[in-house]
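Working notes, structure below.
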């Protein structure tokens, strides 16, 4: 009797989906923001802009692109927006940390 493993039942991501994720981190600002969100779950846009010493409009656009890439999520809390990593975002942070230490 043949039994399917969990790996064989999972559908692999196609090149288009992978491209979306990789384009999401293809900028030094976005890499910095992704790593900052990893260390500071629930961080607001104001706090991100202060920490990376960036223009609010620029940082807002980069967080939007990270969200569209599926790497961070935004949660609205009153007038502020909190940022957290998605499961894919956590995988990319792990990859970045591994790659930068090799």
Considering residues that are surrounded by 17 or more Cβ atoms within 10 Å (Cβ to Cβ) and either in contact (Cβ under 8 Å) with a residue 40 or more places away in the chain or over 15 Å from residue 31 (Cβ atoms) (or both), the number found within region 68-80 is 2
Which condition does residue 86 not pass, out of (1) without any contact (Cβ under 8 Å) to a residue 12 or more places away in the chain; (2) touching a strand residue (DSSP E or B) at 6+ places or on another chain (Cβ under 6 Å), if it passes all the others?
(1)
Name every residue in region 22-50 that is at pLDDT below 90 and buried (at least 17 other Cβ atoms within 10 Å of the Cβ), in order of residue number.
24, 25
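The values are calculated or read from the model by the stated rules, or taken from the named source; none is laboratory data. As the structure is a prediction and not an experimental result, all values here were calculated from the model. Here Cβ is always computed from backbone atoms with ideal geometry, including for glycine, and neighbour counts include all displayed protein chains.
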